[in-house]
Structure formats: C-alpha cells, structure tokens
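A quick write-up on the structure given underneath.
The values are calculated or read from the model by the stated rules, or taken from the named source; none is laboratory data. In this text the structure is predicted, and so the values were computed from the model without any measurement. Cβ coordinates were reconstructed from backbone atoms using ideal geometry, including for glycine residues, and neighbour counts include every protein chain displayed. What goes into the accessible areas is simple: the full protein's heavy atoms, side chains included, and nothing from ligands, DNA or RNA. Shrake-Rupley method; radii C 1.70, N 1.55, O 1.52, S 1.80 Å.
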Amino acid sequence: MKTAALGGDVDFNGTSSDDARYEAFLELFSRHRDRIFAHIFSLVPHEADAEDLFQRCSIVLWRKFREFDQSGSFYAWSCGVAVNEVRNFFKVRKRSRVSFFPEPVELLSRERLADEEDLSLRAIALQSCLQQLRESERDLLRIAYWENQSLKEFAEKTEGSLQVLYNRLSKIRKRLYACIERKMSGEAHHG
Amino acid sequence: MDEKNLPPELQGLLESLINETLTPNEQEYLQNLLQTRQDVRKFYLRYLDLHVQLKFSDRRQPEKPAVMPHPQLELPLPETRFPGLRPAIVRHALLAGALLLAAFGGFAVSLNPFASNSFLPRSEGPSTAPLSLAQEIVSGVEAQSVHAGNRNAQTLAVILEQDAGARFFQDLTPRVGSEMRLDHQYMLLEGHIELLFPRGARTIFDAPAAFQLKSPEQVLVTFGNCSVYAPEGSEGFEVLTPSTHLIDRGTRFRVTVDEIGSSEVHVVEGLVEAIEETDRGRGQVQMVEGEARHYSGSEAAFSSAMTYSAVGYRKNLPDRLISFQGPLNSRGEIGQLESATVIRGGEKYTYLFSDLIGGDVTSFCESGTSPTINFILPVDFQGDRKVLALHDDSFLTGVVNPGGAPVPATGKILTPKESDDSSTWTPGMTVRFRDRVVNSPGPDLLIFEAQTALHPLEGDAFHIRPVELLPGYHPITIRSYDLGMLSPESYPLQRFALLATRDCIPRLEELFEQSMAHSHVSVNYRVVATGIDLSDMGIPLGESVSEIFIQDPLDDEFRIDPVMVVGLPKVASENHSLTSVQSNREQKATNKE
C-alpha cells in the first residue's frame, strides 16, 4: 500500500519498472501484430507453418524485449527476430516436399520492409475495393477467410468442387489486385 | 514496377501457392524467379499481402455491416485456423488480455487502445455485457473454468491438476481443476503446471513452454521442458514433438524441445517407444531407463544417443502454498481464513484455521517521516485497536506499511523495548508466534497480504528473518508470492477501512493511542499469499523459531500490507494428512447440508 496517504486520498498511480516494460511491450506488440504476421507469411507462405512461427516469434520477442532499443522501430526489430526464426525453421523443415520456402529470406524481408508504406496504402485501398464486389463474391470471401472452416470442408459439406472454389477465389483476388493498382495509380497521380 | 514485363504465369503460381497446391516443379520455377528478379519479388510481396489483408479485413469495416455482416462477432468464438483471423474485437481482446494476464497485469487493459473492446468469448451469448479483463481481475469473476467438481462428468477431459505461479501467453491461467482445451496452443511464460490425462498420465511443464493437447491421450510439445509420468493403466500415452513421436509404455521420462524443434528424450524409468518423424515407417527405437537420444528433426541427421541426465525431470511441482479457502459473500469476496492447502515435501496438506499457529504483531517501527496508513480494519470497527495487531482469522485486520531498508537487517533487532534512542531502532515489524514454528519440509509460514491490481502484481516484496539470528541463519527477500494478483486462487477482499496516522509512529503502543484519520478504500483489493520455508533462512530441519522480523525493501513506493502471518504445524505422518483433513471438511459439508 502506498504510504504517503491520508483520509482515503490514496494515490495508486505508480507502477513498477517491470509493469512499465510489460505495458510498453503490450502496446507495441498490439500495434504491429498484424504487420508482423504478414511479414512472416511472406517469408513462409504456408498457413499452418506461418501460424506456428508467429507463435514462436511472439515468445521470442517477449523474451528478447529487454534487448530492444526503444528509440528504434519495434516493427523492424521484430522482423529481424522473425527472419532468424524463419531461418531456424527452414533448417528443420527444408526437407519437406510440400512446403515452399522462398529464398533469399533476408532479401525478401528487407524489400518488404522498404515497401511497407506502399503496402499500408494498398491495405487501405483494399477496403474500398471490397465494397465493389458482388454479394456472392463477398459470401465466398467470408467462407474462405473469415469463417471457422476450411474451403475444403465447405466444399465437402456442400458437395461442391474445391477446384471451382479455388478458381472463383482466384478471380476475386485478381480483380481486387487490379482494383488496388487502379486506386494506387490514382493516388500517385493525385498525390 | 511495370507488370507487363512480369512472367504471365506468375499470378497463377501465386494462386497455387496461396491454395497450397504448388507442385515441386512450380516451386522450383518460382524460387528461381524470386532469386533473380526484383520485380517478381515485389509482385510476390504485394500479392501475398493482399491475401493476408483479406484475412484481416473483416474487422476493418465495422461501420459497414451491410457490406460484410458478421453476426458471429458477438458470439462465443471458436479457434480459427489462423492467428490473424480471430474477428477483430475478440482477437484484440484476447491479445491484450492474454498479454496482460500473462505478463502485464490487468490494469494495463485500460491503457491499451483496445480497452473499450476488451472482453473474452463467453458462453452466455450475444447479450452478455462486455467485461474488461481488468474488471475480471479485481472482481474475481472467472472467465473460463470448469471446476473440479465437474471432473466425473467429463471423463475424457485433460485437467489442470496443479499450478505453481503459472502465467500463459494469450490465456487466463485456468483455475486448478479446470478442463484444458484441445487443439489450443498454450504458451506457458512463467511457472509450472501439471496436467492430468483421463487414463492417469501426468505431464509437468516448466516455463517457458508451448504445447497443444491433440487428444485426451496425446500432447504436442513444440517448445520447452515436459516431464511425463504414465502409471499403470495409462500406457500408450503419446508425446509428439516437431522431431519425434513418443509412445509411453509405462514410465517416467522427460522431453525437451528447443526453438528449432530439435528434441532430447531422457528415460528415467520404464520404456519409451520413439518414432522418428523423419521416417515414420522405419525409424522406431525403444528406449529404456537410463537412455537418452537427441532428435534433430533433420532428414540428414537421424537421432543419436546422448548422455543421459536425470536433471530436469520434474517429479513434483515445487513445495508451496497452493490455495486457501474461506466463506465468500454474495460478491464472491473473502473476509476470513477457513483453511489453507500447501505442498510440503511433495505431499499435499490442508490445514484448518484452528490448526495454524497464530502470529501477533509485537513491535512496529516506521522508517520515514511521511504520514502513513497503519491499520486495516473492518468498516464498522469500533473497538480497541490493539486487537488489530493480534492473531485472528480475519483478513480485514492488520498492521500495515512497516518500515524497512533496502538491505535487510543482519544485526540485532532493536525496538523501543531495547533502546530509548530512536535513531537505533530497526525499521520493520516483529511477529511473535503463539507456539514455536518447527522447520519441516516445504513452507512453514504463510503470509497473507491485501493488494490491488495497481500495486506489484506478484505481491509487495519484503525481507524476513528470525529475530534471533543463530550462526548460519540469515534474512531472505520474497519478491514473488505463490498466489499473486493473477493467480486464480487469490480472492477479492471484502470492503475494509483504513486508519492513517498524521505523524510517523515508531512504537506499537503509540500506534494504538494516536489520533488517526479514518477512511474507506476506494479501489478493489485481493488477498494474495505466499508460503515461506524456514530452510531458506538457513534454519535446519527440526529447529524452530518463535519470532520473525519483517521489513519492506523500500524498492518502490508500495509497502507490504500483511493482514495475517501464521505458522504451520510440524509435519507429522499421523496428522494433517490431506485425507484426514478432507474427510473432516467433507463431513462438515455433509452436516451443513
């Protein structure tokens, strides 16, 4: 209990240095979480593997947070940590025939970091492009991305063809990509 | 970037990559393109980012429900296939809340940008009011637990059998006796846990560790140290790691997995069958007691024998206070102690309050000159303040905020009784036990403290020593309580009042007589507690103490607020066993019914 207090006018604003560190990590991690995940996914473009790596990175980031220079970019630091984790992961999993590991990882990571501002703008443009989709297209996106079932499960449940769903999704992504390009091009012209 | 110059098949390749249908030849071709062409890499990064952003985009248009209606956002949410896929509110709440509970403390919820959305998926459905984790901490409301009482009904459940200071990343620490979730990634950041599987197998994880329960008889360890015990009847229990697959044939063993998925297996007793993940068809090895193997997980390097070491195999969780009980009011708040359960020498003991050795405050000396709060007392308290310093079963009485020093006193304790010179008095407080406390295995003393989420979450640190320092005896500093603020075994404390002096009071007698300001607390408190082993102070087993001295280490602005200090009875095989005490308690419960 804080001692310098009388008559119930108790000041409880203090926190220990550990708490402050925790708070700082929480804020930074929360702010950059999606971008860190996206970064990992670009280096390990396999859903389950990327998920596993993201979980590992979360722990490692937390454990190494004392080493983080607060004057630097948390996101860039996190990506550096992630690259090391990806490298370790490759060593173990490279033999896998089913997973694709793009090389060189460091170069891809560096180029993605350099393109970060552009990617952020593209993410904003995507929101606008999504509104231009037809209802049936949004339904398919919801099933593929936002509901708790795989496309394969959906295809089995509806006795539909998984390949047909893949093809439809592919068309939607291509349309969205083209839409983003148009919007980015417009931005460039206006900006 | 001029996309017209990109290979026409590139977009199709990336679609196959996203769908996870890329053939080996296509993989090789794409790899070559990425290695040699910067424009391909740029397109690759943008296209994959589009895919990931689509995953996240469901929560980026909350103001346009007509575009993407997601009524399920308001419903309890199951696990998703993708960490970025949890719908926004809950995902952020889980992140923020989990981090908080794992490491940051509930109060930080209000400081993070997602605080207004902070609630956990709950079973009550969409009408459930959002409940912040901070509220949960201070109010003691449980978010997700199935109490041990349901165990019989859930015969296939994996149960959290014991918890020693456990903190998880992205999860509340479940209450002991709760059912653990299948196919959920648990990440243990601090402490130890013991899990009990339906057919009797037990696993102990030491932090940091990451694991998933794949079935009621199968656990996947992806990081950290796991000690396994499969008694008779539980043979066939399976432990998976990224590099091997272990089948227990009735044994004790430990497995340790490192950050790149390599694992070590050390068999302490019995027999383990190990199947190498690199080639399940032929890589089967039987390991017996005293054998150890290293599994690299690499195709080029199969498992290899290594030097066996029993170090690291954990048979029991550390000796400690594991819970305490008392009657709760309608708000779930505790006011008095009824019993406490401790592990001593690996055995569980539950003591009724009447079994405990009471401790009275016999000296009290402040160290500063600031006005200070000195008493915790019941809201309607009218009597003699002296009783507040005496042992009773109430958590609503106590003499708090004693003085202290950064370095614990190692010389003779001087109180006003020994010296008239106030400059020589040792800041701190003396507690005298009503019977000598004999050093037995495990904790011998219990200290209960009133604490808020705004104070150190581990409990306020303190120095403690026997008043009489015989050769070899020494003070220790406690910085982490067995049951801290985040422990599901700590309880919210009933409302109490405070008495604060206007001047520094060095003598206990003056503390009783001084005019004081009376006030009510405005924040919620919990009772946190810890066990203390006299052996840690250099006291041999079988020796005893009659008085202890407590000092605050003055390492922050918060002082220790002890509301109860008690000794435990000497461990005797014929007394205090869990069975006998539990039988008594069950008998009492039966009588009440």
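From the square roots a ≥ b ≥ c of the eigenvalues of the alpha-carbon gyration tensor of region B:320-587, which class results: rounded (a/c under 1.5), prolate (a/b over b/c), or oblate? Cα axes put region B:320-587 in the oblate bin.
Please give the FRET efficiency for residue B:387 paired with residue B:518, using the beta carbon to beta carbon distance and R0 = 22 Å, rounded to the nearest 0.05.
Between residue B:387 and residue B:518 the formula returns 0.85.
Annotation for region B:347-444: trypsin sites (Lys or Arg not before Pro) lying in DSSP loop with at most 14 further Cβ atoms inside 10 Å of their Cβ are B:412, B:417. Dimensions of region A:118-181 based on its C-alpha atoms, expressed as ranges along the principal axes with the largest first, amount to 39, 20, 20 Å. Which pairs in the list A:152/B:55; B:315/B:348; A:152/B:42; B:348/B:570 are over 23 Å apart, alpha-carbon to alpha-carbon? Result: A:152/B:42 exceed 23 Å.
Using R₀ = 51 Å, calculate the FRET efficiency as 1/(1 + (r/R₀)^6) where r is the Cβ-Cβ separation of residue B:419 and residue A:142; round to 0.05. Mind dumping the intermediate values first?
On the way: r = 78 Å, r/R0 = 1.53.
After rounding, the FRET efficiency stands at 0.05.
Set the Cα radius of gyration of region A:29-75 against 2.2 N^0.38 Å, with N its number of residues, and you get 1.18. Convex hull volume of the Cα atoms of region B:445-572, normalised per residue: 139 Å³. For region B:373-419, the relative contact order works out to 41 percent when only alpha carbon pairs closer than 8 Å and six or more residues apart are counted. The B-A contact accounts for approximately 8900 Å² of buried accessible area, totalled over both chains at a 1.4 Å probe radius. Per residue, the convex hull spanned by the Cα atoms of region B:159-305 measures out at 95 cubic angstrom. With a simple spin-label model that places each label point 7 Å from the Cα along the Cα-to-Cβ direction, the separation between residue A:30 and residue B:316 comes to 4.2 nm.
Accessible area ranking (1.4 Å probe, heavy atoms, ligands and nucleic acids excluded), largest first, for B:306, B:485: B:306, B:485.
Please list B:423, A:109 from largest to smallest accessible area, probe radius 1.4 Å, with all protein chains kept in place. Numbers along the way, then the final one.
Details: B:423 95, A:109 10 Å².
Largest accessible area first, the list is B:423, A:109.
Translational diffusion of region B:175-258, estimated by Stokes-Einstein from the Kirkwood radius over alpha carbon pairs at 10 °C in a medium of 1.306 mPa s, is 126 µm² per second.
Could you list the GluC sites (Glu not before Pro) in region B:384-484 that lie in coil according to DSSP, counting only those with at most 14 other Cβ atoms within 10 Å of their Cβ? Numbers along the way, then the final one.
Numbers: sites: B:418, B:449, B:458, B:468; in loops: B:418, B:458, B:468.
Here the sparse-neighbourhood loop sites are B:418, B:468.
Across all directions, the average flat footprint of the convex hull enclosing the Cα atoms of region B:299-366 is 12.3 nm².
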